[in-house]
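Novice: Below is a structure I'd like to ask you about.
The values are calculated or read from the model by the stated rules, or taken from the named source; none is laboratory data. This is a predicted model, so every value here is computed, not measured. Cβ coordinates were reconstructed from backbone atoms using ideal geometry, including for glycine residues, and neighbour counts include every protein chain displayed.
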Amino acid sequence: MLRVAVVGGGPSGSCAAEVLAKAGIQTWLFERKLDNAKPCGGAIPLCMVEEFDLPESIIDRKVRNMKMISPSNREVDIHLGNQDEYIGMCRREVMDGFLRDRAASLGTTLINGLVQSIDTGKNRQGPYTLKYADYSAGGPTGDICTLEVDLIIGADGANSRVAKAMDAGDYNMAIAFQERIRLPKEEMSYYEDLAEMYVGTDVSPDFYGWVFPKYDHVAVGTGTMQKNQALIKGLQKGVRARASDRLLDGEVIKVEAHPIPEHPRPRRVVGRMALVGDAAGYVTKSSGEGIYFAAKSGRMCAEQVVAASANGSTIPTEKDLKVYIKKWDRQYGATYKVLEILQNIFYRNDAAREAFVEMCDDKDVQRLTFDSYLYKRVVMMNPWQQIKLTLLTLGSVLRGHALAPQGYRPVPSAVKTDEQMAAWRAQQLSDGDALAGPGSNPAAAAVVSANGRPAAGTPTAANDQNVREPALASKP
């Protein structure tokens, strides 16, 4: 009987273990932190809810409204008119726990343990001996144990130990930074079924910032590529600054950061070891989506193991496992390439970002984008739509240079009037904290120019020291 170890208990590992266990294959699933809350926007497409039979109980919010906010604070509203359609917002600790428990209920042996090393056998062909610390007894260091298996699925994230054991090759790792902020009831009501995406050099030079609603708080975060990782805290301040008037009196309840891959690893199958999810590098450019592709890759890999092993009666070969890679690249390779091209075009500077947001105001663009996201299918355009999109892109790019701002301002409050905001700021002044917002972010009341100084015409009384310099102020 085939023996399989799945290392990593996120969506990719749990979905792989579920398929294997259903087929009667002896399966162990390793996860060090069973209450782990991975820093993640937590957005999942509608097709994932259906395809992976996810219950509504794990979905905190059903988002049907999205705001795209440009560097100049142009706000484009995107609505899903069909009430049956939505983007699911989840807390990773809730969703991941559900998927792990479901795999365990089908026969997977769930181990609360950390894999420390892997003996890969001759020429990395196995059998494989995993040395791990078992924390099920509750001790601080865990009990050292070993397990021999015939095949390993590495679902252990960007810093994958399975990838190191199989010499999968390096890749660049971006970083995501996120704060969970609990808001007063009035402010939270604005985010009932709405998510916001911010673009601009102040929030990320190559990605976007987000405010996504959860059960009783919002997730506020940003991300950037490896070359800009040192700037991540400044970029997070930029997101909070722009959203500050909508996050009034928010309380930061959790701060999270995590590496994410920028591209697939050079080798995703070696011997009888295969990588899935973040370990394989399956995070999209432009959108940064990873949850669906993690779960899908885990399932596809496990399905290939089941088929090649005749439900566990034989041990698959390296050639057998590589069929999964061929199927994956054939099905999703074009999607990853197109999103990489879009990121290179529209995230390169503020003029391009202004053009991107303007294009999102077009109903055809919205429909094509959301159909592709919600259902993970390529939506074909008719000739008129192709011509229209080409002209729209050219026009938006030309106007973007004129629209790109010299400074970054907070977007206005969505629930308070100007008079109420003035009263709020006056109260903060009287309390000795004139520029308070979540985390007392000074940019909540300051208008900042692209070179880090107050924009022309901005009052500067007693607050020169409080003016925030954008993290990339010196870059074009």
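Novice: How many residues does segment 107-119 contain that are surrounded by 17 or more Cβ atoms within 10 Å (Cβ to Cβ) and in contact with a strand residue (DSSP E or B) (Cβ under 6 Å, 6 or more places away or on another chain)? Reasoning before the result, please.
Specialist: Residues of segment 107-119 surrounded by 17 or more Cβ atoms within 10 Å (Cβ to Cβ): 108, 110-115, 118.
Remaining after also requiring in contact with a strand residue (DSSP E or B) (Cβ under 6 Å, 6 or more places away or on another chain): 108, 110-111, 113-115, 118.
Here the count works out to 7.
Novice: Among the residues of segment 322-335, is there at least one that is in contact (Cβ under 8 Å) with a residue 60 or more places away in the chain and among the acidic types (Asp, Glu)? Steps first, please.
Specialist: Within segment 322-335, the first condition is being in contact (Cβ under 8 Å) with a residue 60 or more places away in the chain, and the residues that meet it are none.
No, segment 322-335 contains no residue that is in contact (Cβ under 8 Å) with a residue 60 or more places away in the chain and among the acidic types (Asp, Glu).
Novice: A further question follows. So ALA230 passes all but one of these: (1) part of a helix (DSSP H, G or I); (2) at pLDDT 95 or above; (3) aliphatic (A, V, I, L, M). Which condition number does it fail?
Specialist: Only one criterion in (1) part of a helix (DSSP H, G or I); (2) at pLDDT 95 or above; (3) aliphatic (A, V, I, L, M) is unmet by ALA230, namely (2).
Novice: Only residues in segment 125-153 that are at positive phi count as the first member; pair them with residues that are assigned to a loop (DSSP other than H, G, I, E, B) and of a type in the set (Gly, Ala, Ser), Cβ under 8 angstrom, at least 6 apart or cross-chain, and list the lot.
Specialist: Partner pairs satisfying both residue conditions: GLY126/GLY271.
For every residue, the table says whether it meets (1) part of a loop (DSSP other than H, G, I, E, B); (2) surrounded by fewer than 18 Cβ atoms within 10 Å (Cβ to Cβ); (3) of a type in the set (Phe, Trp, Tyr).
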site	(1), (2), (3)
GLY221	no, no, no
ILE253	no, yes, no
LYS296	no, no, no
ALA310	yes, yes, no
SER313	yes, yes, no
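Novice: Still on this structure: Residue check: is VAL76 over 17 Å from the mean Cα position of the chain (by Cα) and either assigned to a strand (DSSP E or B) or touching a residue at least 12 places away in the same chain (Cβ under 8 Å) (or both)?
Specialist: On the way: over 17 Å from the mean Cα position of the chain (by Cα): yes; either assigned to a strand (DSSP E or B) or touching a residue at least 12 places away in the same chain (Cβ under 8 Å) (or both): yes.
Answer is yes for this residue.
Novice: Let me ask you something else. Which residue is farthest from GLU358 (Cα to Cα), if the candidates are limited to segment 21-73 and must be of a type in the set (A, V, I, L, M) and in a helix (DSSP H, G or I)?
Specialist: Keep residues of segment 21-73 that are of a type in the set (A, V, I, L, M), which gives 21, 23, 25, 29, 34, 37, 43-44, 46, 48-49, 54, 58-59, 63, 66, 68-69.
From what's left, in a helix (DSSP H, G or I): 21, 46, 48-49, 58.
Numbers: ALA21: 48, LEU46: 25, MET48: 29, VAL49: 30, ILE58: 34 Å.
It comes out as ALA21.
Novice: Show the residue pairs meeting these rules: Cβ distance below 6 Å; 6+ apart or different chains; first residue within segment 200-226 and assigned by TED's automatic domain parsing to the domain that holds ARG242; second residue among the polar types (S, T, N, Q) and in a loop (DSSP other than H, G, I, E, B).
Specialist: Matching pairs, first to second residue: GLN226/ASN172.
Novice: Looking at GLU18 and the list (1) surrounded by fewer than 20 Cβ atoms within 10 Å (Cβ to Cβ); (2) in contact (Cβ under 8 Å) with a residue 12 or more places away in the chain, which single condition is not satisfied?
Specialist: (1)
Novice: Go through segment 365-385 and give me each residue that's at pLDDT 80 or above and touching a helix residue (DSSP H, G or I) at 6+ places or on another chain (Cβ under 8 Å).
Specialist: Passing the criteria: only VAL365.
Novice: Can you tell me which residue is surrounded by the most Cβ atoms within 10 Å (Cβ to Cβ) among those in segment 77-106 that are at pLDDT 95 or above and basic (Lys, Arg)?
Specialist: ARG100
Novice: Go through segment 134-188 and give me each residue that's exposed (fewer than 13 other Cβ atoms within 10 Å of the Cβ), outside any strand (DSSP E or B) and of a type in the set (A, V, I, L, M, F, W, C).
Specialist: Listed by number, the list holds a single entry, ALA137.
Novice: Please indicate, with yes or no, whether at least one residue in segment 267-278 is surrounded by fewer than 24 Cβ atoms within 10 Å (Cβ to Cβ), basic (Lys, Arg) and at pLDDT 95 or above.
Specialist: Yes; the residues of segment 267-278 include at least one that is surrounded by fewer than 24 Cβ atoms within 10 Å (Cβ to Cβ), basic (Lys, Arg) and at pLDDT 95 or above.
Novice: The conditions are (1) crowded, with 24+ Cβ neighbours inside 10 Å; (2) modelled with pLDDT of 95 or more, and LYS237 fails exactly one of them. Which is it?
Specialist: LYS237 satisfies every listed condition except (1).
Novice: Just to be sure, is TYR208 among the hydroxyl-bearing types (Ser, Thr, Tyr) and out of contact with any Phe, Trp or Tyr (no Cβ under 8 Å at 6 or more places or on another chain)?
Specialist: Criteria not met by TYR208.
Novice: Among the residues that make up segment 77-95, is at least one of them under 30 Å from ALA195 (Cβ atoms), polar (S, T, N, Q) and outside the structural domain of ARG353 (by TED's automatic domain parsing)? Talk me through it step by step, then tell me what you get.
Specialist: Taking segment 77-95 first, the residues under 30 Å from ALA195 (Cβ atoms) are 77-95.
Next, only the ones that are polar (S, T, N, Q) stay: 82-83.
Retained after the next criterion (residues that are outside the structural domain of ARG353 (by TED's automatic domain parsing)): 82-83.
Within segment 77-95, one or more residues are under 30 Å from ALA195 (Cβ atoms), polar (S, T, N, Q) and outside the structural domain of ARG353 (by TED's automatic domain parsing).
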